[in-house]
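Before any comments, here is the structure.
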Amino acid sequence: MRPAVRKVLIGTLILFLLPLAVHAALYAGKDRPASFRDADWSSVGMLPPADADRDARFLVFTGRTGRWKGIFAVHSWVVFKPENATSWSRYDVVGWGQPLRANGWAPDGRWFGDAPRVLVDVRGPAATALIPKIKAAIAAYGYGHFGDYRIWPGPNSNTFTATVLRAVPELETTLPSNAVGKDFRAYPYVGLTDSGTGIEASLWGLLGVKVGWVEGVEVNVLGLVAGLDLRHPAVKLPGFGRVGVDDGTAVAAPARAK
């Protein structure tokens, strides 16, 4: 084997497989629910009742997925309510039955027992302007029927949420690097990143590279992402996601004081 090829292979192993192996060991040492039925799916109390807060609101949540998939990835979903609405609307894509689900769980429910993290939280007139675009993106999602779901490389739950976020580029946001499936597209892609703040080249979400202000630098190999966060200094490692300075995303979304 040529020295240059050997170096590339060793570098790939160190950058992608070693962090994943470490995360797998740490994950195995934690007390996790053994099955869907054993997991806690209840609300964590982040959100008030919809009729207790008149403002329109749009949120994106992520939570570590369950069983062996939790080694690799988080699950993501979207939640919104128009102004003066009396109920929340939650949309997920899942891997059993019909993939696209409406209000299958509490809007701020745990996912396989993991407390959710808020990635996006927009309120008031800004949310009112976004919600029609979000509804249109959900209605137009092309993989919401029986048999459409594919755990890897997608389309999966993170493909869905990434599609919704692409419909509202003014948010200038993107899913975390360990949201496996976020980069899936049905065709090779070269263009702007999801946030619109950089450029991306990708082959069906299996091999790709991104450079952008929001995304930082991301290298995707078989759906595993390694890279750097430039805005909030951190490294991005397979399985772990970000490791470094707090990126400023929310960990809770309480009702606003009246």
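A short reminder: the numbers here are calculations on the coordinates, not readings from a lab. Computed from a prediction, not measured in an experiment: that's the story for all the values here. Using ideal geometry, Cβ is built from the backbone for each residue, glycine included, and neighbour counts are taken over all protein chains shown.
General observations
- Around the amide H of Leu207, modelled in the peptide plane, lie the amide H atoms of Leu222, all under 5 Å away and 5 or more residues distant in sequence or on another chain.
- Counted residue by residue at 0.36 nm each, then reduced by the alpha carbon distance between them, the extension gain from Ala139 to Ala24 reaches 37.8 nm.
- Degrees, to the nearest 10: 157-166 long Cα axis against longest axis of the chain: 70 degrees
- By the count of other C-beta atoms within 10 Å, a proxy for reagent exposure, Asp247, Asp53 are ordered fewest to most as Asp247, Asp53.
- Residue pairs, from the table Lys135/Lys236; Lys7/Lys69; Lys135/Lys210; Lys210/Lys236, whose Cα atoms sit over 20 Å apart: Lys135/Lys236; Lys7/Lys69; Lys135/Lys210
- Highest GNM mean-square fluctuation among Arg37, Arg64, Arg242, for the chain modelled with Cα contacts below 10 Å: Arg37.
- Shown for Glu83, Glu200: other C-beta atoms within 10 Å of each C-beta, ranked fewest to most, produce the order Glu83, Glu200.
- Comparing mean-square fluctuations of Phe61, Phe240, Phe36 from a GNM of the chain with C-alpha springs under 10 Å, the top value falls on Phe36.
- Report note on the peptides 69-78, 116-125: ranked by the mean count of other C-beta atoms within 10 Å, highest first, their order is 69-78, 116-125.
- Set of lysines near Lys133 by C-alpha distance (under 20 Å), chain-local residues within fewer than 8 positions excluded: Lys81, Lys182
- Selected from Gly208, Gly241, Gly45 as most flexible by GNM, with the chain as the system and alpha-carbon contacts under 10 Å: Gly45
- 10 Å beta-carbon shell around Ala234, net charge (K/R +1, D/E -1): 0
- Cα gyration tensor category, rounded, prolate or oblate, for the range 3-244 with a/c compared to 1.5: prolate
- Proximal aspartates and glutamates relative to Lys30, as straight alpha-carbon distance under 16 Å, when same-chain residues fewer than 8 apart are discounted: Asp38, Asp40, Asp114
- Of Asp246, Asp55, the sequence from fewest to most neighbouring Cβ atoms within 10 angstrom is Asp246, Asp55.
- Helix axis angle, 124-140 relative to the chain longest principal axis, alpha carbon, degrees: 60 degrees
- Theoretical gain in end-to-end length, Ala126 to His232 [0.36 nm per residue, Cα-Cα removed]: 35.7 nm
- 0 to 90° range, to nearest 10: angle between helix 3-12 axis and the chain longest Cα axis: 20 degrees
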